[in-house]
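Q: Mind having a look at this structure? Questions to follow.
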Amino acid sequence: MPKAALWAAVAALALAVLWAWRAYDLGAWLTLDQLKASRDALQAHVQAQPLLTAAVFFGVYVAAAALSIPGAVILTLAAGAMFGLGWGLLLVSFASSLGALLAFLAARYLLRETIQARFGKALAPINEGVAKDGTFYLLTLRLVPLFPFWLINLLMGLTPMRAGRFYGVSQLGMLAGTAVYVNAGTQLAAVQSPGDILSPALLGSFVLLGLFPLIAKAVVGWLQRRKVYAKWPRPRRFDRNLVVIGAGAGGLVSAYIAAAVKAKVTLVEGHRMGGDCLNYGCVPSKALIRSAKAARQLKKAHELGVSCAQGQVDFAAVMRRVHTVIRDIEPHDSVQRYTQLGVQVLQGQARITSPWTVEVRLADGATQTLNTRSIVIAAGASPFIPPIPGLKEAGCLTSDTVWGLTELPRRLVVLGGGPIGCELAQSFARLGSTVTQVEMLPRVMAREDTEVADLVATSLRADGVQLLTGHQALRVEVVGGQKRLVARAGDAGDAEVAIPFDELLCAVGRSPRVSGYGLEELGIPLTPRKTIQTNACLQTIFPNIYAVGDVAGPYQFTHTAAHQAWYAAVNALFGSFRRFKADYRVIPWATFTDPEVARVGLSETEAQEQGIAYELTRYGIDDLDRAIADGSAHGFVKVLTVPGKDRILGVTIVGEHAGDLLAEYVLAMKHGLGLNKILGTIHTYPTLAEANKYAAGEWKRAHAPQRLLRWVERFHAWQLA
Ligand SMILES: Cc1cc2nc3c(=O)[nH]c(=O)nc-3n(C[C@H](O)[C@H](O)[C@H](O)COP(=O)(O)OP(=O)(O)OC[C@H]3O[C@@H](n4cnc5c(N)ncnc54)[C@H](O)[C@@H]3O)c2cc1C
């Protein structure tokens, strides 16, 4: 039945009931006094026509429950008075469950879609909770007959709980309460008010009964924990509070926090302190981007009135600078610094040998066994090399090895159109390589909105990158001593194209490091995305072993690794008092192409996919004074807000320094500040940051109180008269 017809039917039924309620004063029938007065007559009906009376009673009960009409208590007492305990219980048990199911289904089909569309994001944790533990919660609510029956039916209809489960759990959960009320109905004369039925002692029993599912859940959890630890002997005492595996962003922050709160902590790093970010990731890539930008600026200097600006890229010097930058930042992550902070740093390969022991193969070949209360795994990720025939034999660069180049590749193929691929393709093109970027999907930066990807693509092309989107890499061949990548063009009738290259840089993603250090032996499970499976508190199936950063996902950023590290360290050290769930509500990120792309919260595409209602405000940076003066007047600020409100759902900025500009919106979202607050904040003139205020201004203009303004206009006109 179409939804409109269903709404009409429900509305008609509700009106009919309302009319009957008033016309026949039905409320008066659903009182204890009326029930007592009618008891003999009702019993006579049962005596005369038991089946018909039972059927009518059943129908009335189902209808009352389905329409959420108050009076379930009186009807249940009536069942006892009319049919006795056995039959009364049977009738009410099925009638109340069936009625509850109908109310549940009505809420689901009439309201759920609208409510989820409007409050989808806010309801996400509730939905997740219901999907995971809904049975326990519903059982608790049903066992304690104090929670309004009709409200539970309607609210549960808005959650993802399956109807069959709702029915079964409701019937089981309401049985005890129903029995008490039906039984009271059999002694109707003694009942003075419905409140008499639930004595404090009986209420206490119900509350205990209600707590039972939660207690049972805790016991099941405890038994599961015992089971996972069963085959591992627990040390009698521990030598340290925490061992952290990996000294990248996640590991360093975990160790830092542990040392700051005076815990005994050992940090083990098998390779280079600082991990990917310092040595192969954020730091070298941003240093390279800077040099590439300088080369581009020199080329475009005439646009700023500087003629004859000449620049020769000395690639070896560029790479020397990259390594100097790494060296300059290295002290922040060094063994010395962390040792001074109170962390024991071991340089060696760690292997978890039990939930409480980590074996470290030190650089000199010796082995040391560490015994610890808790472990944080922060082992990071490594570049994924796809199984493309011929690729291994021909050899390829990755984000791990590209920093070893000393000569600029003449012809470079970049495989992958994600953030790393785009940043590096643009940089190498600006430094003078002939770059071909190959992406299987129809656009680069697939996580971002199409218009964002289009702007980045335009800019890559403007820098000379030959962009082959919708191309699937098939194989690498060496023909006449020349390496070439053969790709299939999806939009050109599956034609094959051969792209000759001197170097191929593989940037198609990074795989979490999950093998070779004990996860397999301990049976620590992985997610389908091959990250270590953790709960919201970042615990693996062993509650004292945590995982953070790239190895745990769901994000692969330095700042998210550091953010998770705080939670993992605090939970590992203080979890016996309180554990915190990692908070992913406001996660920003940026891609440092030129123009930069920065985002926090929802993109437009995500909002549409998740069915979240939004209003879009856009401000074009081509209009911004400072951007015009700088010669960087391109890009936009795009803000998604709750319809009719200034609450921010997500922001995407494309433009010069977008990564920095985003900070204002990150703060606003984190602390619940709306666009009105941004608009009411003074922004220095002329800065790029003014783009944020102007975007808020666009929103305000669209929400100007038109009717009031018309009156104000009249007022001004009247003043002139
Ligand atoms: C080219 C590139 C550019 C990037 N740019 C950005 C950016 O601009 N912004 C951003 O936020 N992120 C960026 N990233 C991602 C960022 O580098 C990672 O998200 C971040 O480094 C993850 O930190 P982590 O602590 O999880 O892992 P890592 O930094 O990878 O650290 C893990 C460490 O664990 C060690 N280890 C692993 N196993 C063992 C073991 N058994 N025993 C001892 N040690 C072990 C490893 O040697 C490694 O040092 C970039 C990445 C790349 C590749």
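Q: All but one of (1) out of contact with any Pro (no Cβ under 6 Å at 6 or more places or on another chain); (2) crowded, with 20+ Cβ neighbours inside 10 Å hold for Ser433; state the number of the condition that does not hold.
A: Going through (1) out of contact with any Pro (no Cβ under 6 Å at 6 or more places or on another chain); (2) crowded, with 20+ Cβ neighbours inside 10 Å one by one, Ser433 breaks only (1).
Q: Turning to a different aspect of this structure: Identify the residue in the stretch 485-512 that is out of contact with any strand residue (DSSP E or B) (no Cβ under 7 Å at 6 or more places or on another chain) and at positive phi and, among all such residues, is least open to solvent (accessible area, probe 1.4 Å).
A: Gly509
Q: Condition test on Tyr546, is it assigned to a helix (DSSP H, G or I), within 15 Å of the ligand (Cβ to nearest atom) and open to solvent by less than 40 Å² (accessible area, probe 1.4 Å)?
A: So Tyr546 does not fit the description; no.
Q: Within the stretch 244-273, how many residues are near the ligand (Cβ under 7 Å from one of its atoms), outside any strand (DSSP E or B) and either touching a Phe, Trp or Tyr at 6+ places or on another chain (Cβ under 9 Å) or closer than 13 Å to Trp566 by Cβ (or both)?
A: 6
Q: Still on this structure: Restricting to the stretch 327-374, name every residue that is free of Cβ contacts under 8 Å to residues at least 24 places away in the same chain, within 12 Å of the ligand (Cβ to nearest atom) and in a strand (DSSP E or B).
A: Within the stretch 327-374, Glu359, Arg361, Leu362 qualify.
Q: Report, by residue number, each residue of the stretch 576-588 that is over 14 Å from the mean Cα position of the chain (by Cα) and without any contact (Cβ under 8 Å) to a residue 40 or more places away in the chain.
A: Of all residues in the stretch 576-588, those over 14 Å from the mean Cα position of the chain (by Cα) come to 576-580.
Selection gives Ser576, Phe577, Arg578.
Q: Given the conditions (1) farther than 30 Å from Ala55 by Cβ; (2) open to solvent by 40 Å² or more (accessible area, probe 1.4 Å); (3) assigned to a helix (DSSP H, G or I), report the number of the one that Leu105 does not fulfil.
A: (1)
Q: Let me ask something else about it. For the stretch 621-721, which helices (runs of 4 or more DSSP H) that fit wholly inside it have 1 or more residues that are open to solvent by 30 Å² or more (accessible area, probe 1.4 Å) and in contact with a helix residue (DSSP H, G or I) (Cβ under 6 Å, 6 or more places away or on another chain)?
A: Details: elements: 625-630, 658-670, 675-679, 690-702, 706-720.
So the answer is 658-670, 675-679, 690-702.
Q: Then there's this: Which helices (runs of 4 or more DSSP H) sit wholly inside the stretch 113-191 and have at least 2 residues that are hydroxyl-bearing (Ser, Thr, Tyr)?
A: Here the list reads 113-143, 163-186.
Q: Kindly establish whether Gly404 is surrounded by fewer than 16 Cβ atoms within 10 Å (Cβ to Cβ), of a type in the set (Gly, Ala, Ser) and within 16 Å of the ligand (Cβ to nearest atom).
A: Considered against the rule, which asks whether it is surrounded by fewer than 16 Cβ atoms within 10 Å (Cβ to Cβ), of a type in the set (Gly, Ala, Ser) and within 16 Å of the ligand (Cβ to nearest atom), Gly404 comes out as yes.
Q: While we're here: Please list, ordered by residue number, the strands (runs of 3 or more DSSP E) wholly in the stretch 423-538 having 3 or more residues that are among the basic types (Lys, Arg) and more than 30 Å from Lys581 (Cα to Cα).
A: Once the strands (runs of 3 or more DSSP E) in the stretch 423-538 are filtered for at least 3 residues that are among the basic types (Lys, Arg) and more than 30 Å from Lys581 (Cα to Cα), what remains is 482-489.
The values are calculated or read from the model by the stated rules, or taken from the named source; none is laboratory data. In this text, all values refer to a predicted model and were calculated from it rather than measured experimentally. Backbone-built Cβ (ideal geometry, glycine too); neighbour counts: all protein chains shown. Only protein heavy atoms, including side chains, enter the accessible area calculation; ligands, DNA and RNA are left aside. Shrake-Rupley method; radii C 1.70, N 1.55, O 1.52, S 1.80 Å.
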